[in-house]
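To start, the structure itself, in structure tokens.
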Amino acid sequence: MTRIRFHQELDELKHRILAMAGLAEQAVDLAVQAYSQRDAVLCERVLASEAGINRAEREVDEFAIDLLAMQQPMAIDLRFILAVIKINADLERVGDQAVNIVQRVMNMLELPPSELPVDIPAMATRVRAMVRDALRSFIEGDPEVAKHVLEADDEIDRMNHEAFAALSRYMQSQPDGAVQALDALSIARNLERVADHATNIAEDVIFWIRGADVRHGAGYSSAGS
Amino acid sequence: MTTAVEVRDLKAWFGKTEALHGINMSVEARHATAVIGPSGCGKSTFIRCLNRMHETNPEAKAQGKVEVGGTDIYEMPAVDVRRRVGMVFQKPNPFPSMTIYDNVAAGLKLNGTRNRRTLDEVVEHSLQQAALWDEVKDVLKKKSGASLSGGQQQRLCIARALAVKPEVMLMDEPASALDPISTAKIEDLIFELKQKLTIVIVTHNMQQASRVAEFTGFFLMGNLIEFDKTEKIFTNPSDKRTEDYITGRFG
């Protein structure tokens, strides 16, 4: 084993992005809780967490760029660092989506609760599972887990379309609830985007481990074994 | 794509020790092919077999087929092989007592060329090809090859090899003894030269291999483990041993 220090630094990079992932994951969890519990305090916590996520993004990028410049990584190490840079951007966007969600929740808190024909918590449960699995595939370097994340994205897309259809009908039949329905529609859309970022992370894990680009519908089978 | 050098089941020995265990490789014409691997893996032995330099060691022998331009080099006089397949070594080795001019003209004179005008033309052209002409044109017959800097000496050796118009140029760590600027000049030169001839370069510097070569072969313990396009080798090699070597996990 040579280049021990370099490989220790790669471990450190992984450690740092996982810390960043923890912040982004927690932001989504809190945002969903804020919706379910109509909790303004939780909304404030999510808003306050954004600066930390942004700072962590910059630090991970700087560390990754330093490694690229100083260590000239090759093969799986090169792919790992490139994957980390891309995953880092996705995690920051996950944090942004959490902020978007609580901004909508804060709008909704100014209005009385209403029975909307959309199950946001159910959708959120699946999205959070996707994020968790995407991160697990990264932690374990397991492309099979990543593959399941890619497959799960279709279900989230379907739920988002259903939410759109149901809430559109609701707005036509109940114009007084249109504002709340629009907020719920945005939240569903934000969750669908979180799922897209989880999918991107899973694709990056497959690129890291197998060197295969499975983005934009390129078959997982091309990733080899 | 045209094959410049075809290597089939090439084995090489030093005494009773088998240093190469049956190498197969097709070297593409007018491209650079890098040969990488840890010390003692057989990479220098391999390229020394491509112009029969290996057999200059009395203990050494080689077996198998090496074809240059379709001709088996073991069916040709060794001197003809070395004219068609030039070589540049790690340490620049100009003839120390000769002028710059005579260093470049030495090979031609050895081959019987005596016409002064022809020699002048070839010396100038070779030095231009080696990107050294502008630096030495005023002192061609005044200074010895040994008076030049290390980087200039290496380019002089390249000019000397180019003067006999080889089809293939073998380079055994040509820049490992040079500073970064001289190294960059050699790498630029490789880019120019491979428009017209075929380069096979042994290097310990993997960044250099990735910069200059379209194809790369990874040797380990006398075997060619993997041979592929350079970008494939350095971004997503097929063999775990290649990956472990280039990522520094062993070696």
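Read the figures in this text as sums done on the coordinates, not as results from a lab. Predicted model, so just to flag it, every value in this text is computed and none were measured. Don't worry about glycine lacking a Cβ; one is built from the backbone with ideal geometry, like all the others, and counts go over all protein chains shown.
To the nearest whole number, what is the average tally of beta carbon atoms from other chains within 10 Å of the beta carbons of peptide B:224-235?
Mean number of neighbouring Cβ atoms from other chains: 1.
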Using a simple spin-label model with points 7 Å from Cα along the Cα→Cβ vector, what separation in nm is obtained for B:T71 and A:A178? 8.8 nm
If I model a spin label as a point 7 Å beyond the Cα along the Cα-Cβ vector, how far apart are those points for B:K240 and B:M221 in nm? 1.4 nm
Gap separating the Cα centres of the range A:154-225 and the range A:55-110, nearest whole Å: 19 Å
If you take each beta carbon of peptide B:237-244 and count the beta carbons of other chains within 10 angstrom, what is the mean? 2
Diffing the range B:114-127: the Karplus 3J(HN,Hα) column from phi (6.51, -1.76, 1.60, θ = phi - 60°), in whole Hz with x for Gly and Pro, holds 10, 4, 4, 5, 4, 4, 4, 5, 5, 4, 4, 4, 5, 5
Once exposed loop trypsin sites (Lys or Arg not before Pro) are cut out (DSSP; at most 15 other Cβ, 10 Å), longest piece of chain B: B:17-113
Degrees separating the helix B:100-110 axis from the principal Cα axis of chain B, which is the longest one: 70 degrees
Let me know the mean shielding of A:68-77 by other chains, meaning the per-residue number of their Cβ atoms within 10 Å of its Cβ. 5
Of all GluC sites (Glu not before Pro) in the range B:1-106, which ones are in loop regions per DSSP and have a Cβ with at most 13 other Cβ atoms within 10 Å? B:E59
More than 32 Å apart - percent of Cα-Cα pairs taken over the protein assembly as shown: 56 percent
Fewest to most Cβ atoms within 10 Å: B:T235, B:T230 sort as B:T235, B:T230
The Cα extents of the range A:4-223 along the principal axes, largest first and rounded to whole Å, are 63, 38, 21
Among the GluC sites (Glu not before Pro) in the range B:181-222, which ones are in a DSSP loop with at most 15 other Cβ atoms within 10 Å of the Cβ? Mind listing them? B:E214
Pick out which of B:L140, B:L132, B:L110 has the largest mean-square fluctuation in a Gaussian network model of chain B, springs linking Cα atoms closer than 10 Å. B:L110
Which FRET efficiency value, to the nearest 0.05, do you get for B:F95 and A:H7 by plugging their Cβ-Cβ distance into 1/(1 + (r/R0)^6) with R0 = 45 Å? 0.45
